[in-house]
Amino acid sequence: MATTQVEAGAAGHGAEPRGKRTEDGQATYLIAIAEALWEEMERDDRVYMLGEDIGAYGGAFKVTEGFIERFGADRVMDTPIAEETIVGMAMGSAMEGFRPVAEFQYADFMSSGFDEITTALARYHYRTGVPLPVVLRAPSGGGVRASNFHSTNPEPWFAYAPGLKVICPAFPTDAKGLLKSAIRDDNPCVYLEHKWIYRRIKEHVPEDPDFLVPIGRAEVKREGTDVSVISYGAMVLKALEAADNLAQRGVSAEVVDLRTIVPLDEETVLESVAKTSRALVLYESHRFLGVGAEVAATIAEKAFEALDAPVVRLAPPNTPIPFSPTLEDAYLPQIADIEAAVDRLSAW
């Protein structure tokens, strides 16, 4: 079971060192991601990393701290601030048999490489049959007071582009296993790391270098009978806390973690809704055309006969995320909002 840890250090540059596993073997989300990268670099010399400040500085969040000393500048490559060029280099090297992992300092700046990602990277295999084993890593999400240029959840942009797999883990174990699977996958993968989770959550993460979590499978993180809360990323953690509170009032909430946005595991979602007959779709991307809109539509289309109430969505409004802590808290769904939404569903 994951444990909560208060985050220390900055949201961006100047962050404290990555740290190590605890004495009893627990790892944070940050450490789990670093372990996945290290193990895959050790396993396969075709794997290399490129991005801004990932080498000598160790990455904006210290994920790649110590990598350049172990693997050298040829495999841990500091790049200029040129996101489209980073994607282009990753794509070209993948065509030649390498397995690049490109880091964006913040997911917001993936938009600077958007054409290369969606027009070239996503479509090249379809056009040519040539595999493109590229991973694009990026810290995403709000809740760390980083304002609207450093808090975006861009997964809907890339979910819309055929040819990309989109991964959004919520727990250290999933973060490690899914990143290793992405690096071994022959398709381009967009791997989004919610920075609110980086240092907050610890788990006993497997140390087996061949431990993998399959891409495209959701997981029920908490069993329940009254309502299904379907989510991903940092919102899963809030859903679990809300479920604990609801249980004290006699409401049994099942929490489903999508883990992967594309491919979307419809089967697990629909099985949960068939059991509970009520669905709350909770997500941090904007409410309008966000990931939850697709999940809600899938439930309404394929599980209508199982429903005892309308499908409810809980997500931020379509506005830039505020910098003010008070406004940011009002913008993002909070635990009390989740409980209130479940109460409304339960009233049907």
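What length, rounded to one decimal in nm, is gained on full extension from Arg344 through to Asp208, with 0.36 nm per residue of separation minus their alpha-carbon distance?
44.6 nm
Please arrange Glu42, Glu65 by accessible surface area, largest first, computed with a 1.4 Å probe and ligands excluded.
From most accessible down to least: Glu42, Glu65.
Taking R0 as 22 Å, what FRET efficiency do you get between Ala336 and Arg287 from their Cβ-Cβ distance, rounded to the nearest 0.05?
The formula returns an efficiency of 0.80 here.
Counting only residues 5 or more places away or on other chains, whose amide H sits under 5 Å from the amide H of Ile230 once H atoms are built in the peptide plane?
Val256, Leu280, Val281, Leu282
Just how far, in whole angstrom, is region 116-147 from region 15-30 if you go by their alpha carbon centroids?
Centre-to-centre distance over Cα atoms comes out at 27 Å.
Using alpha carbons only, how many angstrom separate the centre of region 195-233 from the centre of region 45-112?
Using only Cα atoms to place each centre, the spacing works out to 26 Å.
Could you give the nm distance between label points at Glu301 and Glu267, where each point is 7 Å from its Cα heading toward the beta carbon?
Placing both labels 7 Å along Cα→Cβ, they lie 1.9 nm apart.
Of Glu193, Glu271, which has the most accessible area and how do the rest follow, probe 1.4 Å?
Putting Glu193, Glu271 in descending order of accessible area: Glu271, Glu193.
Which whole-percent values make up P(r) of region 239-348 when all C-alpha to C-alpha distances are grouped in 10 Å steps starting at zero?
The distribution over region 239-348 is 14, 45, 34, 8, 0, given as percents.
Find the all-direction average of the projected area of the Cα convex hull for region 97-171, expressing the result in square nanometres with one decimal place.
Convex hull of Cα atoms, orientation-averaged projection: 5.6 nm².
Probe 1.4 Å, all protein chains in place: accessible area of Glu103 in Å², nearest 10?
My reading of the accessible area for Glu103 is about 10 Å².
Which of rounded, prolate or oblate describes region 130-220 when judged by the alpha-carbon gyration tensor and an a/c cut-off of 1.5?
It comes out oblate by the Cα gyration axes.
With a 1.4 Å probe and every protein chain kept in, tell me what percent of the accessible surface of region 32-77 is carbon plus sulfur.
With neighbouring chains kept in place, the figure for region 32-77 is 48 percent.
If amide H atoms are built 1.01 Å from N in the plane of the peptide, which residues on other chains or at least 5 residues away come under 5 Å of the amide H of Arg99?
The answer is Val47, Tyr48.
With labels modelled as points extended 7 Å from the Cα through the Cβ direction, what inter-label distance (nm, one decimal) is found for Ala56 paired with Met95?
3.2
Compute the orientation-averaged projected area for region 183-292 from the convex hull of its Cα atoms and round it to one decimal in nm².
8.4
Rank by packing, highest mean first: peptides 131-139, 258-266, with packing defined as the count of other Cβ atoms within 10 Å averaged across residues.
Put in order of decreasing packing, that is 131-139, 258-266.
Determine ³J(HN,Hα), in whole Hz, for all residues of region 181-186 in sequence, where each value follows from phi through the Karplus function 6.51 cos²θ - 1.76 cosθ + 1.60 and θ = phi - 60°; x replaces Gly and Pro.
5, 5, 5, 7, 6, 8
If I model a spin label as a point 7 Å beyond the Cα along the Cα-Cβ vector, how far apart are those points for Arg127 and Thr326 in nm?
Going by the 7 Å Cα→Cβ label model, 5.2 nm.
Please state, rounded to one decimal and in Å, the Kirkwood hydrodynamic radius that region 45-93 gives when every pair of distinct Cα atoms enters the mean of 1/r.
For region 45-93, inverting the mean 1/r across all distinct Cα pairs yields 10.9 Å.
Which residue fluctuates most in the GNM of the chain (Cα springs below 10 Å): Tyr198, Tyr331, Tyr29?
Looking only at Tyr198, Tyr331, Tyr29, the biggest GNM fluctuation is shown by Tyr331.
Taking all protein chains in place and a 1.4 Å probe, what share, in percent, of the accessible surface of region 94-201 do carbon and sulfur account for?
For region 94-201, the apolar C and S fraction of the accessible surface comes to 54 percent.
Assuming 1.567 mPa s and 4 °C, estimate D for region 61-217 with Stokes-Einstein, Rh taken as the Kirkwood radius over Cα pairs, in µm²/s.
Roughly 80 µm²/s, to the nearest whole number.
May I have the convex hull volume per residue, in Å³, for the Cα set of region 6-126?
Considering the Cα atoms of region 6-126, their hull volume per residue is 125 Å³.
Here are some pairs, Lys20/Lys195; Lys180/Lys275; Lys62/Lys195; which of them have Cα atoms lying more than 22 Å apart in this structure?
Result: Lys180/Lys275 exceed 22 Å.
Could you put His194, His204 in order of accessible surface area, largest first, with the 1.4 Å probe and the full protein assembly present?
His204, His194
With a probe of 1.4 Å, find how much accessible area the chain has per residue, and write the answer as a whole number in Å².
Accessible area per residue: 41 Å².
In whole Hz, with x marking every Gly and Pro, tabulate ³J(HN,Hα) for region 126-136 from phi via Karplus 6.51 cos²θ - 1.76 cosθ + 1.60, θ = phi - 60°.
With the stated coefficients, region 126-136 comes to 4, 7, 10, x, 7, x, 10, x, 10, 10, 10 Hz.
Dividing the convex hull volume of the Cα atoms of the chain by its residue count, what figure in Å³ per residue is obtained?
That works out to 129 Å³ per residue.
The values are calculated or read from the model by the stated rules, or taken from the named source; none is laboratory data. Model, not experiment: these values are computed from the prediction. Please note: Cβ atoms are built from the backbone with ideal geometry, for glycine as well, and neighbour counts cover all protein chains shown. Calculation scope for accessible area: heavy atoms of the full protein, side chains included, ligands and nucleic acids excluded. Shrake-Rupley method; radii C 1.70, N 1.55, O 1.52, S 1.80 Å.
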